[in-house]
Amino acid sequence: TCTLCMGMMNVGIIGKKLKVVAMAGILSAMVTACRWGNLSYSASASVPQSWTRMDTVEFMISDNGFHLTAGRAFQFVVDVRYTGEYAYRDLWLLLRHNVADSLKWQTDTLCCPLYSQKGRPLGQGLTGLYTIEIPYTTLVADGSGQTRMQLIHCMANDSLKGISDVGIRVRSLTE
């Protein structure tokens with residue numbers, strides 16, 4: 001093997017190593033920015049094809065390395081994905097959480113308008129699956145214990161069709 005070929009192979013190997021190191025550095029910077037900049041948490045869960053009030057959807061917000069820092073304000077948003085099979089204009093949810101005090105549960109009722117008065121989907125989507133985000137509230141966390149949030153539908157009809165999944169997003173409002 002000639003020296004020139006060996007040199008080119010070494011450059012190729014070094015180039016690949018540099019790419020891996022550069023990608024690791026970029027990924028590390030992104031993780032650090034996400035953790036220490038504008039913190040965010042996002043999760044969604046599929047609901048059964050026929051979602052009943054007994055099918056509570058629960059999110060453990062303090063899992064996956066995300067923690068609601070004490071004294072910090074956080075904005076909460078509820079996401080709903082639905083299809084044309086959903087038979088009502090609005091979706092009413094009970095939203096239970098222990099954000100402000102990990103030992104006390106707070107329950108709120110949230111109205112999620114999914115269709116206009118003319119029957120047009122209010123969510124974004126083109127293929128019959130629509131997504132809508134509903135601003136919930138801003139809360140200041142106490143920062144202790146396991147922070148959980150639960151979504152339960154509270155519609156008159158116990159069994160709902162056409163709701164694909166529900167989720168929550170949390171973002172820090174303070175640096």
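The values are calculated or read from the model by the stated rules, or taken from the named source; none is laboratory data. In this text the structure is predicted, and so the values were computed from the model without any measurement. For neighbour counting, all protein chains shown are included, and Cβ atoms are generated from backbone atoms with ideal geometry for every residue, glycine included. The protein model used for the area step is the full one, side chains on, heavy atoms only, and it has no ligands, DNA or RNA in it. Shrake-Rupley method; radii C 1.70, N 1.55, O 1.52, S 1.80 Å.
With the simple model of a label 7 Å out from the Cα in the direction of the Cβ, Arg120 to Arg171 spans 2.6 nm. Between Asp101 and Ala45, how high is the FRET efficiency from 1/(1 + (r/R0)^6) when r is the Cβ-Cβ distance and R₀ = 25 Å? Nearest 0.05. Efficiency, rounded to the nearest 0.05: 0.55. Contact order, relative form, for the stretch 72-165: 46 percent (alpha carbon pairs under 8 Å, 6 or more residues apart, mean separation divided by residue count).
When Lys and Arg each count +1 and Asp and Glu each count -1, what net charge do the other residues less than 13 Å away from His153, Cβ to Cβ, add up to? In short, -1. Average accessible surface for the stretch 93-155: 54 Å² per residue, computed with a 1.4 Å probe over protein heavy atoms with every protein chain in place.
The order of Met54, Met155 by accessible area, most exposed first and with a 1.4 Å probe, is Met54, Met155. With a cut-off of 14 Å between beta carbons, the residues surrounding Val47 carry a summed charge of -3, where Lys and Arg count +1 and Asp and Glu -1.
Taken along its three principal axes, the alpha carbon spread of the stretch 69-123 comes to 44, 18, 16 Å, from the longest extent down to the shortest. Semi-axis lengths, largest first, of the ellipsoid equivalent to the stretch 84-175 are 29, 16, 11 Å, with √(5λ) applied to each eigenvalue of the Cα gyration tensor. Between the stretch 37-99 and the stretch 106-122, the alpha-carbon centres lie 15 Å apart.
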